[in-house]
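Presented below is the structure to which this report refers.
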Amino acid sequence: MTRADVQRVKKVSGAQVQPEKSVYILDQKRSDVVQLFAYRKSDTQNQLKLKSGHLPQRSDEIVLDQLAKSKGYQLGDTYRVKNNNLKTQTYRVVGFVTSPLFVDDEERGAANIGDGSVAYFAYLPATNFKASVYTALSVHFPQLQNHSSFSSTYKKQAQRKLAAVKKALRGRATARQTNLQQQALAQIKQQQQQLDQQKAQLTQAIGATAATKQLAPAQAKLTAARQQATAIERPTYTYTKRAGNPGFQGYGDMTTRIAAIANVFPLFFFLIAGLITFTTMTRMIEEDRGQIGTLKALGYTKWEIARNYLLYGIAAALLGTVLGVVIGVNTLPLIVFKAMTQYVYTAVVLDYPVNAIWLAALFSFFVTLGAVSIVLTRELREKPAALMLPKAPKAGKRILLERIGFIWRRLSFNQKVSYRNLFRFKARMWMAIIGIAGGTALILTGFGIRDSISQSGINQFQQIMHYQAVVSLNDNPKNVTTTLAQNPRYQRSLGLYTDVISVSTSQEKVGEVSLDATDQPQAFKHYVSLTTKLPQNGLVLSNKLAKLLNVQTGDTVTVTNSDNQTARVKVRGITANYAGHFAYMSKATLNRLFSGRYQVNTRLVKTHKQTAAQENAYAQKLLASDKVVHTEFISKQKRAIEQQAAKLNPIVWIFIFLSGLLSFVVLYNLTNINVSERIRELSTIKVLGFFDNEVTNYIVRENVVLTIFGIVVGYGLGNLLTAFILRQAATSTVIFPLTIGWQGYIIAAVMTIVFTVIVMVVTHFRLKRVDMISALAAKE
């Protein structure tokens, strides 16, 4: 790009333009691919963050990517480069840095040399670059910086600005082509004139025939150069938004998944916590019936009696909200942020979400004051004499199980009593089931999120794609299969035409769609599995793409190729896919749409299993030939998806731990209330001769039934909750299939059972110490 390009873009409203220079080299020490950038102290964009040492101050100083430390580089090392575009070839390492161009520490982009993958970057003084032209223009719009980079507002405005930049550079590609041709032809013309002068001199000395023969090789070179100059193609201007930077979109996708979890989990926590709070507040007031009756008998008004409980409820809700907000905001976000260590961001900005805090406070007050209001209203209607008497126990009645004679007759007396008690206290039964099921569901959902994200990659690379590498080719390479077969692990390959297109309807448009066109549909099946037949006439879309476009089989869409040519084509099928957007068509369809466009420019390669080192060596060997432009191994994409899933593990375990804690609190609280409400009943059966273990089983048997039922309900609820979260967490290019491994089911059940056992043990020792005389004393 030239100064003319810079001036044009500067005219775009609000644009701040920073020209960039960079070049790819091979590290002389390890043969790693390195992207060298020009460093200028005056640059205001893409500013480096110094990790150690200092930034370049002299022409022979260089700073390296923080990742280069793992390659063995240290401060003070000599760093050698080999590139004709640079004035200086030897530098001293003076610092290590991170760059906002590379957000993810494990991703540095692609290159057209070496193994095709950049290992790390480096910055050296811009004065060392010989070229006067630029490799890129960074364009900044200050009015967009106050919007979240992942918000719809930012994306829409950024898209409009990108369109304005494209408009400003309209026609520049043709102008640049003409300029390059003129420069080359002018130089050739000058050389031709020198050759003509030389020929005239030789003609006088040795004759025209001899002179022509002697200068024939030089003339042939000039003729070839002239042909090359006139054949210079129109350059392609590539436009990339910030989301296209390596790792940036991955960070956005990760935060989307965390947000999806954070938007759902608190709701269930609130509901279950609200259930516990409501039950506890209700029980507290019911235990104070005698005190309320006494106060009422002494002449206190209903408001004076209620005021104490209302103030207690307000204090509990207020204190709980304040502690929850302070502890929550200052702990969980930090843990989540620390789990995302692969990103270069280090500044933690703790945000107090005002709307969420208000919702939490309102819900807390609603639950506590609601419980107080409902129970007090009911209790204060009764006479003081009735309030000062113990509340009459609920009457038992026949249950459905009794009507099934062949089962009921086989139950012991204690079992019959336990089942009757379950239905005798229906409210507590449903509270226990809901609480246990909710806790189990949350634990199961934690595992489900992790497993489903991992499964998307497994499905994509085991069910859909059956090749190991994608090799991009130069124009019309000959004997390319011979080059590919130089690797002993090579099996076979398939040539096809690929392009990056956009697909649109009158309402929607999706860019960055990978188009595959083949003239061998039968062979193609062995490389890519489609869930629909590849038609001779028409287009097959991946399911996520079809959903975004809101199209079905039979609809017509507009396809725009990389040369901005458009064509309308019918959708003949929709195929399953889990990552990325894909479109498939036959050679005949492509040639009909874009006038004989089909030309093999890519080969899908199948190989035997290779290590990462073997893949890198293979990629270097292919790029060293003049036939291959780039090699992308599927294993790299697999590792990226696996790493994304692994990064969620700490966050998932946090929610599993909190969910387990919630389940324990539910079980303990409800069991405690159960024992308190039925202390006279339990003391009675103890007096009648029941042993301690039998008294414990009297209560625990109910808990066991409720726990088993709660786990079963929790399994179903966990699947529904996981499916809902996955829909929220799905990005524009990724589908997460609902997958929960057997380990998740077992651990969710085991954790709940362990909590039941702990509660059972605590309950047993409490019942052993029951003061039967006090419990059975007449209250009259």
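Report, in degrees rounded to the nearest 10, the 0 to 90 angle that the Cα long axis of helix 426-459 makes with the longest principal axis of the chain.
Long axis of 426-459 versus the principal axis of the chain: about 10 degrees.
Relative to the present Cα-Cα distance, how much length would full extension add between Y237 and K525 at 0.36 nm per residue of separation? It would help to have the intermediate numbers written out before the result.
On the way: separation 288, 0.36 × 288 = 103.68 nm, distance 3.49 nm.
The Y237-K525 span can extend by a further 100.2 nm.
Can you pull the semi-axes for segment 76-222, root of five times each eigenvalue of the Cα gyration tensor, sorted largest first, whole Å?
Details: eigenvalues 472, 134, 34 Å².
Whole-Å semi-axes of the equivalent ellipsoid: 49, 26, 13.
What fraction of the DSSP beta bridges in the chain is antiparallel, stated in percent and rounded to the nearest 5?
On the way: 56 of 77 bridges.
Around 75 percent of the beta bridges assigned by DSSP in the chain are antiparallel ones.
Charges at C-beta only: +1 for Lys and Arg, -1 for Asp and Glu. How large is the resulting dipole of segment 365-506 about its Cα centre, in Debye rounded to 20?
Numbers: 19 positive and 6 negative charges, 333 e Å.
Here the size comes out at about 1600 debye.
In what sequence do V713, V372 fall when counting other Cβ within 10 Å, fewest first? Spell out each step's value before the answer.
On the way: V713 17, V372 24.
Fewest-to-most ranking of V713, V372: V713, V372.
Would you mind checking which residues have amide H under 5 Å from H630's amide H? H placed 1.01 Å from N; only 5 or more apart, or other chain.
Placed amide hydrogens put S472 under 5 Å from H630.
How big is the charge dipole of segment 94-184 about its Cα centre, in debye rounded to the nearest 20, if each Lys and Arg gets +1 on its Cβ and each Asp and Glu gets -1 on its Cβ? List each step's numbers first, then the result.
On the way: 11 positive and 5 negative charges, 176 e Å.
Dipole magnitude for segment 94-184 comes out near 840 debye.
Angle, helix 216-230 long axis vs. longest principal axis of the chain, Cα atoms, 0 to 90°, nearest 10?
Orientation of helix 216-230: about 40 degrees from the principal axis.
Given points 7 Å out from each Cα along the Cα-Cβ axis, report the S149 to T174 separation in nanometres with one decimal.
3.6 nm
Using the Cα gyration tensor of the chain, with a ≥ b ≥ c the square roots of its eigenvalues, what is the shape: rounded (a/c below 1.5), prolate (a/b larger than b/c) or oblate (neither)? Mind dumping the intermediate values first?
Working: a/c = 3.02, a/b = 2.42, b/c = 1.25.
Prolate shape, in that a/c is at least 1.5 and a/b is the bigger ratio.
Among D692, D475, what is the fewest-to-most ranking by other Cβ atoms within 10 Å?
Working: D692 13, D475 8.
Ranked by crowding around the Cβ, least crowded first: D475, D692.
If I fit a long axis through the Cα atoms of helix 413-424 and take the longest principal axis of the Cα atoms of the chain, what angle between them do I get, 0 to 90°, rounded to 10?
Taking Cα atoms only, the helix is inclined about 70 degrees.
Using +1 at the C-beta of Lys and Arg and -1 at the C-beta of Asp and Glu, which of L67, Y79, P100 has the Cα lying farthest in the positive direction of the dipole of segment 22-130?
After comparing all options, I get Y79.
For n ≥ 4 DSSP H runs only, could you compute -39500 (n - 2.57) per run for the chain, divide by its residues and tell me the 222 nm figure to the nearest 500?
Details: 23 runs with 409 residues, N = 780.
My calculation for the chain gives -17500 deg cm²/dmol from helical runs alone.
Cross-link list K82/K609; K21/K41; K161/K509; K587/K636; K11/K241; K544/K570: which exceed 24 angstrom alpha carbon to alpha carbon? Intermediate results must be reported in sequence, preceding the final value.
Working: K82/K609 34 Å; K21/K41 14 Å; K161/K509 17 Å; K587/K636 29 Å; K11/K241 19 Å; K544/K570 17 Å.
As for pairs spanning more than 24 Å Cα to Cα, those are K82/K609; K587/K636.
Suppose R0 equals 45 Å. What FRET efficiency, 1/(1 + (r/R0)^6) with r the Cβ-Cβ distance, do N591 and L720 give to the nearest 0.05?
Details: r = 48 Å, r/R0 = 1.07.
The calculated FRET efficiency here is 0.40.
In nm, what is the difference between 0.36 nm times the number of residues separating I404 and A613 and their Cα-Cα distance? If you can, show how the numbers build up before the last one.
Values: separation 209, 0.36 × 209 = 75.24 nm, distance 6.88 nm.
Computed gain between I404 and A613 is 68.4 nm.
At a 10 Å Cβ-Cβ cut-off, how would you order D626, D253, fewest neighbours first?
On the way: D626 9, D253 18.
So the residues, fewest neighbours to most, are D626, D253.
Please report the antiparallel percentage of the DSSP beta bridges confined to segment 22-130, to the nearest 5. Working shown, then result.
On the way: 16 of 28 bridges.
Around 55 percent antiparallel, to the nearest 5.
Can you give the net charge of the other residues whose Cβ lies under 13 Å from the Cβ of V540, counting K and R as +1 and D and E as -1? Show your work: numbers first, answer last.
On the way: positive: K525, K533, K570, R572; negative: D516, D555.
Around V540, the surrounding residues sum to +2.
Once label points are set 7 Å from the Cα along Cα→Cβ at both K606 and F709, what is their separation, rounded to one decimal in nm?
If labels sit at K606 and F709, their model points lie 5.6 nm apart.
Please give the FRET efficiency for L359 paired with S676, using the beta carbon to beta carbon distance and R0 = 35 Å, rounded to the nearest 0.05. Please list the in-between numbers first.
Values: r = 32 Å, r/R0 = 0.91.
Between L359 and S676 the formula returns 0.65.
Which lysines, if any, have their Cα less than 26 Å from the Cα of K296, not counting same-chain residues under 8 positions apart?
K383, K391, K394, K779
List, in order, the whole-Hz ³J(HN,Hα) value for each residue of segment 373-385 obtained from phi through the Karplus relation with A = 6.51, B = -1.76, C = 1.60 and θ = phi - 60°; use x for Gly and Pro.
Whole-Hz 3J(HN,Hα) from phi for segment 373-385: 5, 5, 5, 5, 4, 5, 6, 6, 6, 7, 6, x, 4.
Laboratory data are not the source of any read-out in this text; all were calculated from the coordinates shown. Quick caveat, the model's predicted, so the values are computed rather than measured. Reconstructed Cβ throughout: ideal geometry from the backbone, glycine too, with neighbour counts over all protein chains shown.
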